[in-house]
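What follows is a set of notes on a single structure, which appears directly below.
The values are calculated or read from the model by the stated rules, or taken from the named source; none is laboratory data. Here the structure is a predicted model, which is why all the values come from computation and not from measurement. Here the Cβ positions follow ideal geometry from the backbone for every residue, glycine too, while neighbour counts run over all protein chains shown.
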Amino acid sequence: MSNEKTATRKQQQARNVTYYRVIYGDCDSMAIVYYANYLKFFEIGRTELLREAGLTYRQVEGRGFFLPTTETCLKYIKPALYDDLLMIETTIAFVKKASSRFDYAIYRGKDIVVRGYTIHACLDRDNKIVRFPDFLLNVLKGE
């Protein structure tokens, strides 16, 4: 897994590009990436986007906030295969008071493999929905 120079912002939209090499454990018996593993690839992209913006999930959780996934959508276009080098492109589509959406596109070379998104709520230590704290809101909005 490697990153390009990322976390560019334009009109409050962070963007990250991360590369991931498909390992055998990601695949089914036909050497095709198992469909659910794309959610793991989305998580890699989301985690690296936040890291490049200067904040890790560990720091967010250490301050008492959690970002559980509340909705996912995936559109499979072409299969990824064992040993493919994938480019995971992640952007923040929107940030509301207590939720945000991350959009993803995964490529093999110039070919799109999958597109999708995840929506995340902001919870406190008591698992109650809360507004994003300023430190997190600023990162998500690219400020």
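Annotations
- Selection count where residues are touching a helix residue (DSSP H, G or I) at 6+ places or on another chain (Cβ under 8 Å) and surrounded by 14 or more Cβ atoms within 10 Å (Cβ to Cβ), scope the stretch 35-64: 7
- For the stretch 120-139, the criterion of being closer than 18 Å to THR18 by Cα and either in contact with a Ser or Thr (Cβ under 8 Å, 6 or more places away or on another chain) or modelled with pLDDT of 95 or more (or both) is satisfied by no residue at all.
- In the stretch 34-86, the qualifying residues are those that are among the aromatic types (Phe, Trp, Tyr) and assigned to a strand (DSSP E or B), and the one that is nearest to the chain's Cα centre (by Cα) is PHE66.
- Flag if TYR24 is in contact with a Leu (Cβ under 8 Å, 6 or more places away or on another chain) and at pLDDT 95 or above: no
- The stretch 116-143 residues that are small (Gly, Ala, Ser), paired with ones that are part of a loop (DSSP other than H, G, I, E, B) and surrounded by fewer than 18 Cβ atoms within 10 Å (Cβ to Cβ) (beta carbon under 7 Å, 6 or more apart): ALA121/PRO68; ALA121/ALA98; GLY142/GLN12; GLY142/GLN13
- Across the stretch 35-85, the number of residues qualifying as in contact (Cβ under 8 Å) with a residue 40 or more places away in the chain and among the β-branched types (Val, Ile, Thr) comes to 5.
- Residue selected from the stretch 88-104 under the condition surrounded by fewer than 18 Cβ atoms within 10 Å (Cβ to Cβ) and among the aliphatic types (A, V, I, L, M), by the criterion nearest to the chain's Cα centre (by Cα): ALA93
- Here THR70 clears all of (1) modelled with pLDDT of 95 or more; (2) of a type in the set (S, T, N, Q); (3) surrounded by 15 or more Cβ atoms within 10 Å (Cβ to Cβ) except the condition numbered (3).
- Residue selected from the stretch 9-21 under the condition basic (Lys, Arg) and part of a strand (DSSP E or B), by the criterion modelled with the highest pLDDT: ARG21
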